[in-house]
Amino acid sequence: MISAILAIAIGQYPMKISVLELPDPGAETVAIHAYLWRDQNLTQEEDAWRVICDTIGINSTTYAADEVSFFGGTTGVLPRVVSAPDFLRLEVVSTPEKWRESVALAASLVAQPNWRSNQWEEREKVLRGSVDDPWKFALWPKRPWSSEALQVDEPSSVHSRLLDKGGLRIVVSGPIEQGLVKEELDRVTRTWAIPEYRKVSRFAEETAAPERQPYGVSTFEMTGRPIRIGENGSGAQFLAAIALGVGKGASIWQTVRERDGLAYRVEGVFWPSRSGFVPRFLMLRKSEEAELKFGGDLIAALKESASSLDVVEFSRAKVMAEQVLMHPNAFASVYVDGESPLFGLPHDDVRWRGLLNGMGLPSLPLARWSETLNEVSLDDFRSAAVEMVDRAEIRITRGYSGLD
Amino acid sequence: MLGFICGLALIAQAEGSVVQKELPNGAKFRIEATPGTGTLMVALYASEAGLPNDGGVPGTRHLLEHLIAKGGDRLLDTKLESVGLSLTAFTERDGTAFVVMGSSRQSVLAIESLRDLLEPLRVDGGELEVELKILEQESALRADYEPFLDRAWLELFEPGVGSVFGDLKGMAQLTPDQLMGGAEALMNSGGLTVYVRGDVDADVTALRLTEVLNSATRGQVNFAPREVLESIGRKETVAGKGRARAVVAAGLDRPMTLARLGVALAIMRLEPGFEVVYEPSFDRGPVLLYSRSGEGFGALEKYDQAGLSRFAALARLQALRLVNGWKLEGPRFGVLRAKKLRQAAAFNLDQLESTARGLTDDEIWSALQDWRGGAMHLEGTR
């Protein structure tokens with residue numbers, strides 16, 4: 001079996017921690033976000049990743065669950081964990097006076113989960129029985145669980161491997177002095193080490209998207225290449241994706257839904273991945289026998305639209321981009337984790353910049369990125385739209401009612 | 001002209017940056033200015049009482065919502081989105097909602113867009129056919145709990161409240177003329193409320209809004225609270241997957257509503273696999289506790305007086321989270337405030353948070369008993 005885990009134990013490794021400090025002297029609170037990124041989405045690690053995402057944040061080897069609850073009681077907000085296929089993020093909101101304790105807590109909860117006492121085995125059983133709705137599934141299609149149960153040390157081994165490969169990334173924003181967070185984390189984590197883990201074979205398989213889903217609904221998706229925010233052409237790509245997919249004035253809505261009546265839910269989203277924000281154009285349809293042709297209809301509709309985008313769509317895209325980046329919006333579509341998009345929330349800028357940091361990009365503030373989009377030319381916008389659709393991949397996940 | 005409009009106001013209260021009015025044609029509005037935010041929300045709510053019982057064909061209001069939201073020239077969305085606004089619409093048991101959100105720089109257009117929604121509906125057979133195809137697709141996305149919720153609404157009230165989604169076959173029989181008549185009834189002035197929140201001048205916005213609402217078809221609406229039937233010991237079967245229990249909540253202005261919700265949400269937290277469904281309202285409506293697997297209801301029996309204080313703390317926290325979620329300024333936020341103008345105008349929404357915090361152990365215990373013995377049991381057949 002190619003994907004077999006080679007049970008080669010390696011020794012303990014020092015913790016690698018990177019810190020992004022975003023001083024904001026006017027802020028009333030300190031936002032601390034701790035990230036664990038995946039270097040690859042391996043089939044053999046999928047189950048463990050779901051368990052890790054569900055159980056991190058409960059406790060750590062330094063902080064018991066009661067202490068975490070007590071911390072939440074003092075600040076009014078419990079640490080919050082959100083996840084996506086490529087990363088998880090733990091968010092802590094702290095008063096300025098308690099930032100040191102809060103940074104230590106966030107780092108510990110992500111880097112030192114206590115697998116012996118966080119009841120992950122019970123949570124695993126629950127996760128196996130849980131079902132997403134068709135939209136959530138479309139966004140993050142999960143394969144069926146691969147075995148009856150995870151090996152006892154599987155979550156901890158995968159967690160350690162990810163920490164060793166990508167390290168722990170901490171993003172802090174608020175009334176803090178530049179350099180102090182790094183200093184504090186160096187002090188707190190000096191003795192921390194990554195426990196032993198099982199190495200994976202270099203031939204291990206990357207996760208393939210499932211071909212079927214347990215609903216009477218099928219998903220048709222066109223996926224563009226990841227947009228590397230701030231790099232050449234990214235502004236035009238971003239606007240093109242808005243024009244094609246975001247809002248009720250978007251091509252996909254106007255053609256696939258309003259003109260052709262092919263679907264109720266059609267939507268474009270920006271999906272966060274380690275390579276950048278992936279533009280995805282989704283159509284959900286009632287499953288039927290001869291449905292593959294609707295994939296062709298989706299491609300044809302978007303190709304036709306992309307080649308005819310003009311100044312009206314260009315203007316709408318610019319205005320809509322600012323809305324979905326900066327403000328509460330009914331068509332919020334720039335996802336900052338697996339379930340929540342930017343929504344004009346207080347710490348959205350920290351989430352955005354933290355993600356860019358994890359994608360290996362300069363941490364451009366949201367407001368500046370939004371302004372940058374005004375510099376995109378109509379020609380570049382049109383070319384980007386045509387190229388986005390031409391190079392997009394199509395994927396169909398067929399629904400089988402009653403499969404579950 | 002402006003003086004004339006001002007003279008029409010029957011009730012006008014200006015509390016600093018808040019203006020609340022009821023117009024002679026029965027429409028009501030409230031404007032809350034939030035200087036410096038740069039954002040705007042305008043929520044128009046058309047009470048279901050305008051078209052009671054969907055005019056006899058379940059789903060008529062839902063179909064009308066789809067059609068009306070496009071605007072008279074069918075370009076409303078594109079016009080709004082080109083200037084930084086967007087429109088979303090949805091239908092509830094209490095009424096039909098249209099919410100415009102976006103930049104306050106476009107407050108004039110946002111208010112004027114309501115005029116577009118209030119115009120007499122024009123629709124032809126071709127457009128209707130496409131919309132029915134879209135509705136058929138929407139039916140595939142209905143959540144598993146929906147048949148249980150529909151049943152609870154139907155069985156717990158007198159007269160029963162029909163499905164919001166509706167009956168596709170029945171809707172397919174509706175003619176353009178019937179729909180145009182239905183739209184006129186639904187959007188008549190007597191059933192309309194509007195809530196505006198944003199970076200606007202409240203007085204100027206009030207004048208504009210008054211003018212726009214005066215363009216609505218004049219009409220009167222008969223509002224009557226829902227009559228509740230007994231739920232204790234009731235058992236129903238539902239063509240669906242899973243199992244559910246339903247209790248009646250009297251409205252958000254009653255502490256026991258939050259207690260029942262808090263308990264259900266606490267159970268959901270403690271026993272994963274449950275969903276809690278509730279349409280925030282100041283009128284009576286069911287709260288549904290649904291389990292897709294059909295399992296887990298035994299958990300309701302686990303909690304006794306000895307462990308009550310811990311359970312009650314969790315239930316309070318869950319109620320508080322729910323209330324805080326409603327504060328997120330999305331479309332649901334605006335709609336809750338718009339419907340409050342008609343259902344419980346005097347109630348102060350800010351009280352919800354203190355009500356949730358102040359729920360007593362006795363109230364939580366009583367709500368738990370409601371879920372145990374007082375609930376209607378709904379059994380899925382699949």
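The values are calculated or read from the model by the stated rules, or taken from the named source; none is laboratory data. From a predicted model like this one, the values you see are computed outputs, not experimental measurements. Backbone-built Cβ (ideal geometry, glycine too); neighbour counts: all protein chains shown. Each accessible area value is taken on the protein alone, full model and side chains, heavy atoms only, with ligands, DNA and RNA left out. Shrake-Rupley method; radii C 1.70, N 1.55, O 1.52, S 1.80 Å.
General observations
- Qualifying residue in segment A:88-99 (condition: small (Gly, Ala, Ser) and touching a strand residue (DSSP E or B) at 6+ places or on another chain (Cβ under 9 Å)): yes
- From A:Gly233, A:Gly216, residue being away from chain B (no Cβ under 14 Å) and either over 23 Å from the mean Cα position of the chain (by Cα) or surrounded by fewer than 23 Cβ atoms within 10 Å (Cβ to Cβ) (or both): A:Gly233
- Restricting segment A:65-93 to residues that are more than 15 Å from the chain's Cα centre (by Cα) and open to solvent by less than 50 Å² (accessible area, probe 1.4 Å), the residue that is farthest from A:Gln112 (Cα to Cα): A:Thr75
- Criterion violated by B:Leu85 - all others in (1) aliphatic (A, V, I, L, M); (2) at the interface with chain A (Cβ under 9 Å from one of its Cβ atoms); (3) more than 24 Å from A:Ser251 (Cα to Cα) satisfied: (3)
- Filtered by the rule that a residue be away from every other protein chain (no Cβ under 14 Å), in a loop (DSSP other than H, G, I, E, B) and at pLDDT 95 or above, segment B:165-181 gives B:Gln173, B:Leu174, B:Thr175.
- Checked against the criterion of being within 14 Å of another protein chain (Cβ to nearest Cβ), surrounded by 24 or more Cβ atoms within 10 Å (Cβ to Cβ) and touching an Asp or Glu at 6+ places or on another chain (Cβ under 6 Å), segment A:249-268 contains one or more residues that satisfy it.
- Of A:Val126, A:Val110, all but one fail to be outside any loop (DSSP other than H, G, I, E, B) and surrounded by 23 or more Cβ atoms within 10 Å (Cβ to Cβ); the exception is A:Val110.
- Filtered by the rule that a residue be in a loop (DSSP other than H, G, I, E, B) and more than 13 Å from B:Leu40 (Cα to Cα), segment B:77-102 gives B:Ser82, B:Glu92, B:Arg93, B:Asp94.
- Subset of segment A:302-338 [under 22 Å from A:Val217 (Cβ atoms) and away from chain B (no Cβ under 14 Å)]: A:Leu302, A:Tyr335, A:Gly338
- Verdict on B:Ser103 being small (Gly, Ala, Ser), within 13 Å of chain A (Cβ to nearest Cβ) and open to solvent by less than 30 Å² (accessible area, probe 1.4 Å): yes
- Scanning segment A:356-404 for residues that are under 30 Å from A:Ser287 (Cβ atoms), in contact with a strand residue (DSSP E or B) (Cβ under 8 Å, 6 or more places away or on another chain) and not in a helix (DSSP H, G or I) yields A:Ala392, A:Glu393, A:Ile394, A:Arg395, A:Ile396, A:Thr397, A:Arg398, A:Gly399, A:Tyr400, A:Leu403.
- Inclusion of A:Asp297 among residues that are in a loop (DSSP other than H, G, I, E, B) and more than 12 Å from chain B (Cβ to nearest Cβ) is not warranted.
- Among the residues of segment B:278-307, those identified as modelled with pLDDT of 90 or more and open to solvent by less than 10 Å² (accessible area, probe 1.4 Å) are B:Ser281, B:Gly285, B:Pro286, B:Val287, B:Leu288, B:Leu289, B:Tyr290, B:Ser291.
- Scanning segment B:271-305 for residues that are farther than 22 Å from B:Ser366 by Cβ, part of a loop (DSSP other than H, G, I, E, B), of a type in the set (D, E, K, R) and within 14 Å of chain A (Cβ to nearest Cβ) yields B:Arg292, B:Glu295.
- Residues satisfying the stated conditions in segment B:108-153, i.e. more than 14 Å from chain A (Cβ to nearest Cβ) and open to solvent by 60 Å² or more (accessible area, probe 1.4 Å): B:Val108, B:Glu112, B:Arg115, B:Glu119, B:Pro120, B:Arg122, B:Asp124, B:Arg151
- When segment A:325-349 is filtered for residues that are over 14 Å from the mean Cα position of the chain (by Cα), modelled with pLDDT of 95 or more and hydrophobic (A, V, I, L, M, F, W, C), only A:Leu325 remains.
- If the condition is being out of contact with any helix residue (DSSP H, G or I) (no Cβ under 7 Å at 6 or more places or on another chain), outside any loop (DSSP other than H, G, I, E, B) and more than 25 Å from A:Leu356 (Cβ to Cβ), then segment A:139-184 contributes A:Ser156, A:Ser157, A:Ser160.
- Condition check for B:Asn348: more than 18 Å from B:Val287 (Cα to Cα), surrounded by fewer than 14 Cβ atoms within 10 Å (Cβ to Cβ) and touching a residue at least 24 places away in the same chain (Cβ under 8 Å): no
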